[in-house]
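Below is one structure, written out as structure tokens; comments come after it.
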Amino acid sequence: KTSVMEELLSLCQTTPCASLPSVAGVTIPSDTPFAKALQILRDNKILSVPLIEDGKVVALFDRLDAVAFVLSRLDKVDEEEREAILDTLAKEGSILTSTAVSQVANLSERNPLRKIPESSTVFEAMKHLTSSHRVVVVNEGGAFVRVVSQSDIVRLFADNVKLFGDLATMTVGKLGLQLSPSLLSGVVTVHQDECAADAFQTLLDNNVTAIPVVDGSGHLVSHLSASDLSTMDAESLLCLLDPVDSLHPEAKVPVACKLTDQLSTVLTQFATTGVHRLYVVDEENSPVGVISLTDIVKLVVG
């Protein structure tokens, strides 16, 4: 780390999590029915929610868990059987209302519960956020205080971009693997005409939270994430048998950057758009990599 980066680390080590801007936290009882929990995510426009049992946080439930839960019903069945299963769920909806959300929490294995004490600094939170999208801050009794997310941390970075020193003006291409491992390994994509259920399964199989959608020429046209199922309920489950691009018929242009963009620009894009990933595209608008919030946190923590 350069001396300038040491200033950034010092800021993180001396800034309490409590000082980060926050919104009113939403929590739900662990025995909340799955369908109701999903509606709470939708109504509050949030990706995850802590589950409470006996006054303490016991798990996190997020939209990817919902995806994994529904896809588990379709595992190893043919297309005709899929339609019959989804049709039954749509008509009855019993499993969606009778299943407690605690049975679904972290089914996707993407968002395990990480708890930190109320006195924690930003740096202490960051050490967890290299492998988790959010951590839950609890008081001495284990009760919920707030959530600190990767987005909170990257907004702090964007506000203090000068502390990145020369790194701030380095390009995505120059930083390369130091910034995004996918620039070497390549990026997994799905085609816009692919069945949505298969596309979501590809997302889960590749241990990612979102995936770029391309057309027949390999050009980036959209992206797929658990947010695309934000309106999912028993009646709309059959949409999983439709093509990916039918999930968002209106243009959904993903936020992207180029290899020539500077790190400072990337930080600003994350902070101002609220996205969790930027797709790196070439001159033909074909995805060649992905920069995630995890990559940004790891760049600083090391």
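The values are calculated or read from the model by the stated rules, or taken from the named source; none is laboratory data. As the structure is a prediction and not an experimental result, all values here were calculated from the model. Glycine also receives a Cβ, built like all others from the backbone with ideal geometry; neighbour counts cover every protein chain displayed. What goes into the accessible areas is simple: the full protein's heavy atoms, side chains included, and nothing from ligands, DNA or RNA. Shrake-Rupley method; radii C 1.70, N 1.55, O 1.52, S 1.80 Å.
Keeping to segment 153-173, report how many residues are open to solvent by 20 Å² or more (accessible area, probe 1.4 Å) and touching a strand residue (DSSP E or B) at 6+ places or on another chain (Cβ under 9 Å). Within segment 153-173, residues that are open to solvent by 20 Å² or more (accessible area, probe 1.4 Å) and touching a strand residue (DSSP E or B) at 6+ places or on another chain (Cβ under 9 Å) number 4. Could you grab me the full set of residues in segment 33-63 that are under 23 Å from Val208 (Cβ atoms) and out of contact with any strand residue (DSSP E or B) (no Cβ under 8 Å at 6 or more places or on another chain)? Hits for segment 33-63 are Leu38, Arg42, Lys45, Ile46.
All of (1) modelled with pLDDT of 90 or more; (2) surrounded by fewer than 19 Cβ atoms within 10 Å (Cβ to Cβ) hold for Gly176 with one exception: (1).
Yes or no: Leu237 assigned to a helix (DSSP H, G or I) and modelled with pLDDT under 90? It is true that Leu237 is assigned to a helix (DSSP H, G or I) and modelled with pLDDT under 90.
Taking the condition in contact (Cβ under 8 Å) with a residue 12 or more places away in the chain, open to solvent by less than 50 Å² (accessible area, probe 1.4 Å), more than 19 Å from the chain's Cα centre (by Cα) and closer than 30 Å to Ala84 by Cα, does Leu241 pass? Taking the combined requirement at face value, the residue satisfies it. Residues in segment 249-269 that are surrounded by fewer than 15 Cβ atoms within 10 Å (Cβ to Cβ) and small (Gly, Ala, Ser): how many? The qualifying residues number 1.
Have a look at Val187, Val208 and point out the one that is open to solvent by less than 60 Å² (accessible area, probe 1.4 Å), touching a residue at least 12 places away in the same chain (Cβ under 8 Å), assigned to a loop (DSSP other than H, G, I, E, B) and within 17 Å of Leu71 (Cβ to Cβ). Spell out the reasoning first.
On the way: Val187 fails: within 17 Å of Leu71 (Cβ to Cβ).
Result of the check over Val187, Val208: Val208.
With of a type outside the set (A, V, I, L, M), open to solvent by less than 20 Å² (accessible area, probe 1.4 Å) and out of contact with any Phe, Trp or Tyr (no Cβ under 6 Å at 6 or more places or on another chain) as the only criterion, which of Gln150, Gln192 stands out? Testing whether each residue is of a type outside the set (A, V, I, L, M), open to solvent by less than 20 Å² (accessible area, probe 1.4 Å) and out of contact with any Phe, Trp or Tyr (no Cβ under 6 Å at 6 or more places or on another chain) leaves just Gln150. From the list Leu20, Leu51, the lone residue that is open to solvent by less than 10 Å² (accessible area, probe 1.4 Å) and under 22 Å from the mean Cα position of the chain (by Cα) is Leu51.
Of all residues in segment 62-90, those that are assigned to a loop (DSSP other than H, G, I, E, B) have Cβ atoms under 8 Å from Cβ atoms of residues that are at pLDDT below 70 and open to solvent by 10 Å² or more (accessible area, probe 1.4 Å), 6 or more apart or on another chain, in Arg73/Leu89; Arg73/Ile95. Residues in segment 270-297 that are more than 16 Å from the chain's Cα centre (by Cα) and open to solvent by 40 Å² or more (accessible area, probe 1.4 Å): Thr272, Asp282, Glu283, Glu284, Asn285, Val288.
Listed by first and then second residue, the pairs with beta-carbon distance under 7 Å, at least 6 apart or on different chains, first residue in segment 129-148 and over 15 Å from Ala24 (Cα atoms), second of a type in the set (Ser, Thr, Tyr) and part of a strand (DSSP E or B), are His133/Ser149; Arg134/Ser48; Arg134/Ser149.
From the list Val58, Val104, Val67, the one residue that fits, being at pLDDT 90 or above, within 26 Å of Asn206 (Cα to Cα) and of a type outside the set (Lys, Arg), is Val104.
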